[in-house]
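Report on the structure given below.
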Amino acid sequence: MTDVPAAPRSTRAWLLSDRPQSRAQARLGRAYISWLRFASNPLALVGLAILLVLVLVAAFANILAPHSPTAGDLAGAQLLPPLSPGYLLGTDDQGRDILSRLIHGSRLTLTVVLLVAVITAPVGLLVGTVAGYAGGWVDGVLMRITDIFLAFPKLVLALALVAALGPGIENAVIAIAVTSWPPYARMARAETMAVRHSDYIAAVRLMGASPVRVVLRHVMPMCLSSLIVRVTLDMAGIILIAAGLGFLGLGAQPPSPEWGAMIASGRRFILDQWWVATMPGMAILIVSLGFNLVGDGLRDSLDPREAGQ
Amino acid sequence: MRPLLHVDDLKVSFPTRSGLVEAVRGVSFTLGRERLGIVGESGSGKSQTGRAIMGLTPPQARISAARLEFDGIDLLSAPPKLRRSLRGGRIAMVLQDPKYSLNPVMSIGRQIVETLRTHENVSRKVARERALDMLAAVQIRDPARVFDLYPHEVSGGMGQRAMIAMMLVAGPELLIADEPTSALDVTVQLEVLSILDRLVADRGMGLVFVSHDLRLVSSFCDRVLVMYAGKVVEEIAASELGNARHPYTRGLLNCMPTLGTNRHPLPVLDRQPEWRL
Amino acid sequence: MSSTTMSESVRAGRPFHVRAWPVAIGVLRFAGVVITTFLGLLAVTFFIGRVIPVDPVLAVLGDRAPASAIERTREAMGLNLPIYQQFFIYVRQALAGDFGTSVLTTHPVMSDIARVFPATIELATLGTLIGTSLGIPLGVLAAVKRGTLLDQLVRIIGLIGYSVPIFWLGLLALLVFYAKLGWVAYPGRIGIAFEYSFTPITGLYLIDALWQGEWEVAVDVFRHIILPAALLGYFSMAYISRMTRSFMLNELGQEYIVAARAKGLSEARIIWFHALRNAAVPLVTVIALSYATLLEGSVLTETVFSWPGLGLYITNSLQNADMNAVLGGTIIIGSTFIGINLLSDLLYRTLDPRTRA
């Protein structure tokens, strides 16, 4: 490698080389080009910044939060308005600092979103690729099941499930996961169908690759970029459903600082102490906006077909 | 006879992220009521030349010409409304693939009637009559039936005839045919061409025939422009093609196989960078 | 073997030919899809209601029910039968509209739902009307004026609509338009003054009031419905405008648009007739989906606005562990979803000549 005639002058040139010397270089180069496209979209960068802040806040909640999220000052600090000394965003009816509750609540939000994504994306990918690649009755049965779940009202089904399982954040995650995987399966199937008959798949099969290997190594990677985009975009929806469950008292239970539940408890004071319900709503809005912006940016950078429009 | 179309130093370029792409770089020709072929490989600017005359250049493109005149009308300075009335009314265009260039949710008859009623103030009934006549003129045997069919219900050859009918129904004087037969089966190509040929001859229209197929163009047109990289490299009468001087033209001619001769290795088109200048 | 696959792939790559199913087979397939989806819906609610809870009887009656009632219900629910027979009975009852009795209201769940469902339909329909009538023009304009300030504005309005919790926005809207400005009426769908004098016919109050010529009532009903409907309309608009923009961009890039320009048509006709008429085909599905989403979004919206519809009924039942009512409501909303899908499918077929058999 040392005597390559045109030695790379900079990392950037090396990444952008149109004659990569190795697979790693080719992959990194493509990732770099995607990043350049992503970074040229200011809104996407705003979204990325929001998500980074969210992760940092969740990681360092203990250090960042000025007060306890659960124990309040009932005597001296009930329902203080925002910008009160020591309480930037005010306090709620139990004298708890709203900012601290929001900071700790970010952990719950992040947990719910990540758990749901980790459960649903692989399930959807597996069902979709298997159905698309196998075809025939396997496809028929799997897609029938997917369609049945797809035809359900997501939120109402999640409600019924939580009602049966009992309220709580774990059950909320299960309920959301059960209702969220079908779109991924549909999408993965469509992508699989598109590549199933392509010549490169035929070539791999000709070399004796087993169906499992074909699906795992050659079909699934083709579905990944659209799956990532879709999951990112869906995370905003997951946050909203989780918050909705919390609002109805079916998600995280008090005194846990879940943002949706915080809105529900602030609802009683909406006329006089507007901030109690407003602040957590802003938090939800900002975070799901962050996911939407990043998802949009990813779609434009990973899927040039759509970006060209 | 006064020429129908004057094109002098026509340039079309597209600003892109990686700089200005010059699709057409100074094309000049005049056209009477004759058949002019424009030949070139893809990317040579032949289609953009046709679209610039139609006024269908995408809005982000930059377009300039020393002269771009149709029947005494300066096309580049003409108000949009006038340009629009020319399109379909006096200058028409046949596109490549009827699968994509006909509106899939409108019946063929309605699409033909639409052209007519855009340019002439005729009643529904008359418009329908004339559309049926036009369908008959493109040698569709059962016009009344085809009138009510949707584009997906007809074959490619039939679709292209419908396309021709749609474009010629308002009686244009100039027709730009952009690869009108490339998407069709070989057997149908000749049929469609002969229909086009007869209509152009009968109505005394000018024709700009854009194609990548030199042989087709040479057998069909009176005169041929050979384009390469946005420029005209050779202009020659179709009958003189055998004496073409430019190496690119000779290369294109050379690429065509002839029956009864064994050609190994197959010739490869030679592209010299200095032709781009 | 592989060479045939390759050549087949070349042909399969251009799916020009619409499969021309004989009509009868098409209808049968269609019916099959609807029936299996409906059975699937029942299977899931059956699973939630009978399998997940440790004791379904307690889930239905609540844990304060007397022992005799528990025994009777156990028999009535057929819990001593094998599970497949239980499901069979469940399906038969569901088809007969029998979802059991609500613990909370002591009425049959079905009659409760029949009473509250029109309120939800009225709200979701008005919301969809608002969302569609604003969303389609905005989406078309955004696509046509792509990259301009207007496009950005539509995009941002849409993004916020995708990101904001509906119940929270509802609370803020109430705070501003009801409490501070007093422009709208709250709570419920009709003022106390008219509640007993007004006798609805269809259950859609706005239509009923107008039909009967009760202008005062109509104004009052309108003041009640406009805020929640506008809220739902905003969400619907966010979705519809975004999809319209994307479909329109796709259509405007097609060759038939070039052909339409070559014919000399005006831009207005090309955009609003040719392109939109083609974009309308997938838009039907989007609007149907948006309507379905609003129906289920009613669960949260109705809670905020105390709107006496199916959503509020379900959440009230949830809080009282009234599983019969919750699952009955779920089945009704699910069935409505299936019905909407069916309708949009049929409409799709009539709009797109390529899918007509």
Original post:
What number of residues within the range C:316-340 are buried (at least 23 other Cβ atoms within 10 Å of the Cβ) and without any contact (Cβ under 8 Å) to a residue 40 or more places away in the chain?
Top reply: 2
Original post:
Residues in the range B:82-96 that are in contact with a Ser or Thr (Cβ under 8 Å, 6 or more places away or on another chain), within 7 Å of another protein chain (Cβ to nearest Cβ) and open to solvent by 30 Å² or more (accessible area, probe 1.4 Å): how many?
Top reply: 1
Original post:
Which residues, taken from the range A:256-288, are at the interface with another protein chain (Cβ under 7 Å from one of its Cβ atoms) and either outside any helix (DSSP H, G or I) or touching a strand residue (DSSP E or B) at 6+ places or on another chain (Cβ under 9 Å) (or both)?
Top reply: A:270, A:271, A:274
Original post:
Does residue C:153 fit the bill of being in a helix (DSSP H, G or I) and crowded, with 20+ Cβ neighbours inside 10 Å?
Top reply: no
Subject >> helices (runs of 4 or more DSSP H) wholly inside the range A:149-253 that include at least 3 residues being open to solvent by 40 Å² or more (accessible area, probe 1.4 Å), closer than 30 Å to residue A:300 by Cβ and not β-branched (Val, Ile, Thr) >> reply: A:182-196, A:220-247
Subject >> Residues (in a loop (DSSP other than H, G, I, E, B) and either modelled with pLDDT of 95 or more or small (Gly, Ala, Ser) (or both)) located in the range C:179-192 >> reply: C:182, C:185, C:188, C:191
**OP:** Provide a single number: the residues in the range C:331-357 that are outside any helix (DSSP H, G or I) and of a type outside the set (A, V, I, L, M).
**Re:** 2
**OP:** Name the one entry in B:195, B:112 that is out of contact with any Asp or Glu (no Cβ under 9 Å at 6 or more places or on another chain) and at pLDDT below 95.
**Re:** B:195
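Restricting to the range C:86-107, what's the tally of residues that are out of contact with any helix residue (DSSP H, G or I) (no Cβ under 8 Å at 6 or more places or on another chain) and either assigned to a helix (DSSP H, G or I) or open to solvent by less than 70 Å² (accessible area, probe 1.4 Å) (or both)?
5
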**OP:** Within the range B:225-257, track down each residue that is part of a loop (DSSP other than H, G, I, E, B), open to solvent by less than 80 Å² (accessible area, probe 1.4 Å) and modelled with pLDDT under 85.
**Re:** B:244, B:246, B:255, B:256
**OP:** Of all residues in the range B:114-142, count the ones that are within 11 Å of chain C (Cβ to nearest Cβ), among the β-branched types (Val, Ile, Thr) and open to solvent by 10 Å² or more (accessible area, probe 1.4 Å).
**Re:** 1
Original post:
When the range B:74-91 is examined, which residues are found to be in contact (Cβ under 8 Å) with a residue 60 or more places away in the chain and among the aliphatic types (A, V, I, L, M)?
Top reply: B:91
Subject >> Residue count, the range B:143-157 (criterion: within 14 Å of another protein chain (Cβ to nearest Cβ), assigned to a helix (DSSP H, G or I) and open to solvent by 50 Å² or more (accessible area, probe 1.4 Å)) >> reply: 2
Original post:
Here is a list of conditions, (1) part of a helix (DSSP H, G or I); (2) touching a residue at least 12 places away in the same chain (Cβ under 8 Å); (3) within 30 Å of residue C:309 (Cβ to Cβ), and residue A:111 meets all of them except one; can you say which number that is?
Top reply: (3)
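Scanning for something of a type outside the set (Lys, Arg), surrounded by 13 or more Cβ atoms within 10 Å (Cβ to Cβ) and not in a helix (DSSP H, G or I), does the range C:119-129 turn up at least one residue?
Checked against the condition, which is being of a type outside the set (Lys, Arg), surrounded by 13 or more Cβ atoms within 10 Å (Cβ to Cβ) and not in a helix (DSSP H, G or I), the range C:119-129 yields no hits at all.
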**OP:** Filter the range A:189-220 down to the residues that are small (Gly, Ala, Ser) and at negative phi, then identify the one that is farthest from the other protein chains (Cβ to nearest Cβ).
**Re:** A:210
Subject >> From C:219, C:176, residue being assigned by TED's automatic domain parsing to the domain that holds residue C:161, open to solvent by less than 80 Å² (accessible area, probe 1.4 Å) and assigned to a helix (DSSP H, G or I) >> reply: C:176
Original post:
Does residue A:87 satisfy the criteria of being away from chain C (no Cβ under 14 Å), over 24 Å from the mean Cα position of the chain (by Cα), open to solvent by less than 50 Å² (accessible area, probe 1.4 Å) and over 30 Å from residue C:316 (Cα atoms)?
Top reply: yes
Original post:
Within the range A:137-153, can you find the residues that are of a type outside the set (A, V, I, L, M, F, W, C) and more than 7 Å from chain C (Cβ to nearest Cβ)?
Top reply: A:139, A:140, A:146
Original post:
Is there any pair linking a residue in the range A:239-253 that is farther than 15 Å from residue A:266 by Cα and among the aliphatic types (A, V, I, L, M) to one that is part of a loop (DSSP other than H, G, I, E, B) and open to solvent by 10 Å² or more (accessible area, probe 1.4 Å), with Cβ under 6 Å and at least six apart or on different chains, and which?
Top reply: A:250/A:167; A:252/A:258
**OP:** Check residue C:115 against each of (1) of a type outside the set (Gly, Ala, Ser); (2) at pLDDT 95 or above; (3) closer than 24 Å to residue C:207 by Cα and name the one condition it does not meet.
**Re:** (2)
Original post:
in the same structural domain as residue A:54 (by TED's automatic domain parsing), under 30 Å from residue C:315 (Cα atoms), not in a helix (DSSP H, G or I) and not charged (D, E, K, R), is that true of residue A:95?
Top reply: yes
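The values are calculated or read from the model by the stated rules, or taken from the named source; none is laboratory data. All values reported here derive from a predicted model rather than from experimental measurement. Note: ideal-geometry Cβ built from the backbone for every residue, glycine included; neighbour counts use all protein chains shown. Heavy atoms of the whole protein, side chains included, go into the accessibility calculation; ligands, DNA and RNA do not. Shrake-Rupley method; radii C 1.70, N 1.55, O 1.52, S 1.80 Å.
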